[in-house]
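The values are calculated or read from the model by the stated rules, or taken from the named source; none is laboratory data. Here the structure is a predicted model, which is why all the values come from computation and not from measurement. Note that we place each Cβ from the backbone using ideal geometry, even for glycine, and neighbour counts take in every protein chain shown.
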Amino acid sequence: MVGTVLDPINCNQTLFVTAMILRLPDPVSAQTWCHAQRAAGRSIGFVPTMGALHEGHLSLVGRAVVENNIACVSIFVNPLQFNDPDDLARYPRNFDDDAQQLEGAGCDMVFSGTLEQFFPEASVVAEITKRDPGPTAEGLEGASRPGHFAGVATICERLFKTVGPGRAYFGEKDFQQTLVVKDIARQLGYPEIVVCPTAREPSGLAYSSRNVLLTDSECKRAACISRALFMARHAWHQGEREVGKLRDVMLRELDVDGIHVEYAELRDPHDWRPEAPAGLLVRAQALIAARIGKARLIDNLRLDRDA
């Protein structure tokens, strides 16, 4: 925002400039704005979120700011990707706080909207035609949360069409999701999907909007999830390649009171199949989902890399 202020000593008008984030209330307004930015020759970096922003989200925004002329963020708690009504109800929401954080991160525009605004063709959720998320949605999160990735694919398609061509930034913490959105982007022809490293708390716990549901003691115990992944990486670099033994390494670290493991698996990140790989691995992504208290947490780590 540009304006003027009166200098009380010299009675001169002094120009001041304040960067303020633009808040748009619906996807139609956002689409118009993004189209105008591209028409002016500006590149757009986009970070789709469900709000409850944390350092992980802000790291994505920071990269979008650096790599593009314009950075924008969507905040929409998408009911299509929740198979647990209680999880949807307790998902944290604070748009004003999120917008302030985005302003501090250098974001240019944030938009939201209602389910009806994103899907004007449907009057109720049941009428919304969900997009097939493809084969990368099978197994792991796809098995644990039926319908989740169909909901992710459906809203991401709408969001990508709202923002248009550019770059879209996702965190590697949701590794399987990054595979799904890459498939969508390939089919649409845009955007370029940029996958960024998982941001972690000092304990190693991956930043997540659901971390706020943890008590202090639960948060400390939940750090065993990242320890399990890094121990598996250590075993890999010591020469271990057997799926069963690498899984055992993770399960030993996850054997902590209050930690309920849903899965601790290994997949070939270049050959994603529902069945777990057997025998010796050439490359591997280790993936964990676990419940502690009111929170369900996921994390993953590429084993055949140093960082």
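Computed quantities for the displayed model
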quantity: Unmet requirement for Gly244, which otherwise passes all of (1) assigned to a helix (DSSP H, G or I); (2) modelled with pLDDT of 95 or more; calculated: (2)
quantity: Checking Leu159 against (1) under 27 Å from Arg247 (Cα atoms); (2) in a helix (DSSP H, G or I), the condition it does not meet; calculated: (1)
quantity: Test result for Gly189, out of contact with any Asp or Glu (no Cβ under 9 Å at 6 or more places or on another chain) and at positive phi; calculated: yes
quantity: Residue ID - surrounded by the most Cβ atoms within 10 Å (Cβ to Cβ), chosen from residues in the stretch 205-229 that are over 21 Å from the mean Cα position of the chain (by Cα) and either touching a residue at least 60 places away in the same chain (Cβ under 8 Å) or under 19 Å from Ile155 (Cβ atoms) (or both); calculated: Ala228
quantity: Positions within the stretch 52-104 being of a type in the set (Ser, Thr, Tyr) and touching a strand residue (DSSP E or B) at 6+ places or on another chain (Cβ under 8 Å), in sequence order; calculated: Ser59, Ser74
quantity: Every residue from the stretch 69-116 that is surrounded by 14 or more Cβ atoms within 10 Å (Cβ to Cβ), among the charged types (D, E, K, R) and under 19 Å from Ser59 (Cα atoms); calculated: Asp98, Glu103, Asp108
quantity: Scope the stretch 163-177; condition crowded, with 23+ Cβ neighbours inside 10 Å and either closer than 15 Å to Ile75 by Cα or free of Cβ contacts under 8 Å to residues at least 60 places away in the same chain (or both); matching residues; calculated: Val163, Ala168, Tyr169, Gln177
quantity: Selected residue (criterion: farthest from the chain's Cα centre (by Cα)) from residues of the stretch 42-68 that are of a type in the set (A, V, I, L, M, F, W, C) and surrounded by fewer than 23 Cβ atoms within 10 Å (Cβ to Cβ); calculated: Val66
quantity: Residue match in the stretch 123-136 (condition: assigned to a helix (DSSP H, G or I), closer than 29 Å to Asn68 by Cβ and either without any contact (Cβ under 8 Å) to a residue 40 or more places away in the chain or in contact with a strand residue (DSSP E or B) (Cβ under 9 Å, 6 or more places away or on another chain) (or both)); calculated: no
quantity: Odd one out for Glu240, checked against (1) of a type in the set (Asp, Glu); (2) in contact (Cβ under 8 Å) with a residue 24 or more places away in the chain; (3) closer than 15 Å to Leu303 by Cβ; calculated: (2)
quantity: Selection within the stretch 137-149 - buried (at least 21 other Cβ atoms within 10 Å of the Cβ) and part of a helix (DSSP H, G or I); calculated: Ala137, Glu141, His148, Phe149
quantity: Condition met for Arg93 (over 16 Å from the mean Cα position of the chain (by Cα) and in a loop (DSSP other than H, G, I, E, B)); calculated: no
quantity: Restricting the stretch 79-124 to residues that are under 23 Å from Lys294 (Cβ atoms) and of a type in the set (A, V, I, L, M), the residue that is modelled with the highest pLDDT; calculated: Leu80
quantity: Residues being under 22 Å from Val256 (Cα atoms) and not in a loop (DSSP other than H, G, I, E, B) - total across the stretch 165-219; calculated: 11
quantity: Residue ID - nearest to the chain's Cα centre (by Cα), chosen from residues in the stretch 186-204 that are more than 20 Å from Asn300 (Cβ to Cβ) and surrounded by fewer than 18 Cβ atoms within 10 Å (Cβ to Cβ); calculated: Glu192
quantity: The stretch 93-121 residues that are of a type in the set (Asp, Glu), paired with ones that are loosely packed, with under 15 Cβ neighbours inside 10 Å (beta carbon under 7 Å, 6 or more apart); calculated: Glu103/Met20
